[in-house]
Amino acid sequence: MSDTKQANITLYCAGSNLKDFKDKTLSLFGKNAIEAVGDSDYDFEIKLQDESMVKFSVMNNPQILMQQNMGMANFFAQAPLANESVKTAAIHQIKMFTAIIGITFPITEDNNRTNAIVGTVHGLAKLITAFVLYPTMELFHPEGKLLISVKGESDFTEYYPIMCREMVMPNVEMSEEDKARAAKNNEILKSKGLPCPEGMPVSAFESKAIIPDKETIIKRAVAIFAAAVKSEVYGSGAYENPDEKLSELLAALESRYGKLDFLSKEEQAYINNSAPAPADVNKFGWRYECCAIIFWALKLLDLDEPDEIVDAATLGEIIWSNDMNSLMEKAEVREKAELLDKQDLLHRYDWACIEAQIKKLELKEISSEIVVEWHYALNWLTGVEGVTDWDKVPRKA
């Protein structure tokens, strides 16, 4: 069958119901299947009555998944879908996929066979709450309706993303402090007239929080500042030779804070790139906001609500008028409870911003762009999901 044309269908899971996945798949094929071949529940083949094989391969590595989701979201963001509300919701849905299942099978001249396999795939999608993507770049809802296509088509006039239960109700027991924190922050959202995600628990748990030590936090602020400074140098157009100016500034940072070997891999790659993409210049420029919340965590900066862009000069004053020794003396890491309070509030703000965007609601109290950055930094500061690598910080919203 080496010359036989292969069909490719991909399932994108919005749920977490992959227990006994192989057995469920075999059961759905019913009398059309002979057996499931393969020891792994996530990598196997279904042998059909005509001796052909339908291959299933599950990918749920968090880091790879995040990259795939973002790439797919960016792709469909270009679709000319007139209904902006549905398009926005579809993009958010894509960003929340929890696993990707590749399915391949040989195509024969028997259309009934092909239709039976495709029908079984759709039945599987409904069973495990997964979306079906065809090579034509049409993404179908688990119930069979077209959510979005590359041509800008959709069967929906209104849509709200399906959230994996573990995103909303993680399999971690909330402490009394966690419950009180969630209730208190929900009241803050209500008082501001913001969409309030009732029933959503905390994402940084009292019992699971990982707070970095003071030196690590200071180095993280310096690293973020270094990358943001590059964005300022390259994005402002004020320097005839931006490479030379950046080298000067980085040397000045190293004279104060030592060798910048604590940059993340993404930050280092960005700083080494003499021709950064505009999207990267924008991304790392916004990270000044991450730097601000980290200085807040060190009690070096007062912050209220995420409604006004931080003055980069204020951050620069902290960086350039100090060195590692003086910041180690001046800085004081806020109490864990205070960091968790702030993280949970931004977690809820982030969901409120998404809901407002989907429902075309105007938010005057907070800035969604700032919320995203503060939320990211606070997730790192509290070790959400046990992640301490800056480049891999999870963000549910």
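Values in this text are rule-based calculations from the coordinates and carry no lab data. All values reported here derive from a predicted model rather than from experimental measurement. Counting neighbours? That spans all protein chains shown, and the Cβs are built from the backbone with ideal geometry, glycine included.
Figures for the structure shown
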item	result
Those GluC sites (Glu not before Pro) in the range 225-272 that DSSP places in a loop and that have at most 11 other beta carbons within 10 Å	Glu240
Between 0 and 90°, nearest 10: helix 84-95 axis offset from the chain longest Cα axis	90
Gain in span if fully extended, Ala269 to Glu365, counting 0.36 nm per residue against the direct Cα distance	31.0 nm
Two-decimal ratio, the range 20-91, of alpha-carbon radius of gyration to 2.2 N^0.38 Å	1.58
³J(HN,Hα), Karplus 6.51/-1.76/1.60, whole Hz, each residue of the range 379-391, x for Gly, Pro	5, 5, 5, 10, x, 4, 6, x, 8, 10, 7, 4, 6
Long-range tail of P(r) for the range 139-244 (Cα pairs > 19 Å, %)	72
Folded to 0 to 90 degrees: helix 336-358 orientation relative to the chain principal axis, Cα	50
The range 1-93: trypsin sites (Lys or Arg not before Pro) falling in loop per DSSP and having at most 11 other Cβ within 10 Å	Lys5, Lys19
Average projected area [Cα convex hull, the range 6-149], square nanometres	8.6
Whole-Å distance, taken between Cα centres, linking the range 78-139 and the range 48-69	13
Rounded to whole Hz, the Karplus (6.51, -1.76, 1.60) HN-Hα couplings of the range 207-220, x for glycine and proline	7, 10, 4, 10, 9, x, 6, 4, 4, 4, 5, 4, 4, 5
Total charge dipole magnitude, the range 100-193, about the Cα centre, Cβ charges on Lys, Arg, Asp, Glu only, Debye to nearest 20	240
Candidates Asp20, Asp307, Asp110: whichever shows maximal mean-square fluctuation once the chain is modelled as a Gaussian network with Cα springs under 10 Å	Asp110
Farthest toward positive dipole pole in the range 214-330 [+1 Lys/Arg, -1 Asp/Glu at C-beta], among Gln268, Ala228, Ser247	Gln268
Per-selection Kirkwood Rh - the chain (Cα, Å, 1 d.p.)	23.6
Cα-based helix-to-principal-axis angle, 288-297 vs the chain, degrees rounded to 10	70
Residue-by-residue Karplus 3J(HN,Hα) for the range 49-64, coefficients 6.51, -1.76, 1.60, Hz, glycine and proline x	4, 8, 6, 7, 10, 10, 9, 10, 9, 9, 10, 9, 5, x, 5, 5
Within the chain, helix-based [θ] at 222 nm, where runs of 4 or more DSSP H residues each add -39,500 (n - 2.57), nearest 500	-15500 deg cm²/dmol
Gaussian network model of the chain, Cα within-10 Å springs - most flexible of Ser326, Ser231, Ser367	Ser326
Test item: Cα-centred dipole of the chain, Lys/Arg +1 and Asp/Glu -1 on Cβ, debye	760
Residues whose placed amide H lies under 5 Å from that of Ala7, excluding near-sequence neighbours	Phe105, Ile107
Projected-area mean, the range 268-366, by convex hull of Cα positions, square nanometres	8.5
Cβ-based charge dipole, the range 214-330, positive-most Cα from Ala279, Ala313, Leu327	Leu327
Only Lys, Arg (+1) and Asp, Glu (-1) charged, at Cβ; the range 6-149 dipole about Cα centre in debye	440
Residue of Gly144, Gly123, Gly38 that the Gaussian network model of the chain assigns the largest fluctuation, springs spanning Cα pairs under 10 Å	Gly38
